[in-house]
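Heads up, the thing below is written out as structure tokens.
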Amino acid sequence: MIKYILLFILCLLVTPVCGQPIANNEELWLDDNGQHINCHGGNILYLPDGKYYWYGEHRVEHIPGTSEDGISLYTSKDLKTWHYEGLVLEAVKDMTSDITLGCIMERPKVVYNVRTKKYVMIFHLELRGKGYSAARTGFAVADNPKGPFRFLRSVRPNAGKWPADFKRKDKKAASDLRPEAYKEWWTPQWYQAVSKGLFLKRDLKKGQMSRDMAVYIDDDGKAYHLYSSEENLTLHLAELTNDYLHYTGKYWRIAPGGQNEAPVIFKRNGTYWLIASGCTGWAPNKARLFKASQITGPWEQLECPARGKGADKTFGGQGTYAMPDPQRPGEFIFMADVWTPKQLSHSRHLWIPVTFENGSPVLRQ
Ligand code: GAL
């Protein structure tokens, strides 16, 4: 009985109230089986069967470090009561696979491709035993939203390609940079070199680094993969092929040298908005806001969108997805993770309805 009363109180807690957080950053959020929702860094799809599909990292205690056993799926009819559907993509025992147990699969995003009628999952992959140095993108596909997803491959994006807007002089400027002149990081000269493409050039042959990420499907059905690249210093927005399973080779840099991660992107009344975090690992920091009239840029940086107590640290959270708000058509809910690195499976969920003040998105808790 007590369990049901607690569940009822929790349901009240997560009832959306405009401008108030939906999920709060302190409580565990229990599924219909009484377990905390173990689904982090992910996204939510609303499908024609009237259900929400929440995909995310399934963190487990029996695997040490930051690796996990796969990507979990929870479903719900009302965004409050969630049912665990199991792992839709599992890490495997086969040691020759890129997703062998011990690898790190982070920030999975699942999208539906209307052309191919497939569900595509794109995620940040780190290879077993290599820490965070591999910086790859994983692709998986399924016929059904409940999976199982078939792992296709992992890659370093856009090998051999310069950014789409790089002119001959930009390529020359990047090519002329001598790495030995910039051994010391964080100096003004080093920042300038990073911005010109110090790491871009370094990784040109083997492909660009790709860590924290988002996927965005525009109104014309075109898909973009947005990820922290160049040692987490610069975001890249890369165009995907029509099946969403490859890169076209066209990409654009956002805020070179700006050190942005955890990108969350959405479009409202024709304007693209991007909320990102700084780079402080699992610790929260102050959110950054960018705006553009075309997805490929230029992106303009504005003031931090968070307001009120705890705003300097994004209320303890780090963004993962902007979910269309079912209660306010055309508006969004900012979904964030409140990481608890000592026990990542218990990382909390923080959902804040995005409101607009003076034409800019605002997050208030
Ligand atoms: C964070 C990132 C997380 C995870 C973590 C590892 O900055 O957003 O997804 O990669 O670093 O320390």
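Here are the numbers for this structure:
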read-out: Computed helical MRE - 222 nm, the chain, DSSP H runs ≥ 4 contributing -39500 (n - 2.57), nearest 500; value: -2500 deg cm²/dmol
read-out: For Q259, distant residues with modelled amide H under 5 Å away; value: T234
read-out: Choice from P341, P157, P48 with maximal GNM fluctuation in the chain (Cα, 10 Å cutoff); value: P48
read-out: Share of carbon and sulfur in the accessible heavy-atom surface of the range 252-349 [1.4 Å probe, %]; value: 49
read-out: For the chain, accessible area per residue (1.4 Å probe, heavy atoms of protein chains only), Å²; value: 45
read-out: Burial order of peptide ranges 319-331, 70-82 (average beta-carbon count within 10 Å, highest first); value: 70-82, 319-331
read-out: The range 37-155 - percent relative contact order, Cα under 8 Å, separation 6 or more; value: 19
read-out: For the range 159-259: relative contact order, % (alpha-carbon pairs under 8 angstrom, 6 or more apart); value: 24
read-out: Subset of K169/K286; K267/K313; K250/K286; K146/K250 violating a 26 Å alpha-carbon distance limit; value: K169/K286; K250/K286; K146/K250
read-out: Proximal lysines to K172, defined as alpha-carbon separation beneath 18 angstrom and excluding residues fewer than eight positions away on the same chain; value: K161, K196, K201, K205
read-out: Descending Cα extents along the principal axes, the range 37-155, whole Å; value: 41, 33, 21
read-out: Rg(Cα) / (2.2 N^0.38 Å) computed for the chain, rounded to two decimals; value: 0.96
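The values are calculated or read from the model by the stated rules, or taken from the named source; none is laboratory data. The model shown is predicted, which means the values in this text are computed figures rather than measured ones. Don't worry about glycine lacking a Cβ; one is built from the backbone with ideal geometry, like all the others, and counts go over all protein chains shown. The accessibility values were calculated without ligands, DNA or RNA, using every heavy atom of the protein model including side chains. Shrake-Rupley method; radii C 1.70, N 1.55, O 1.52, S 1.80 Å.
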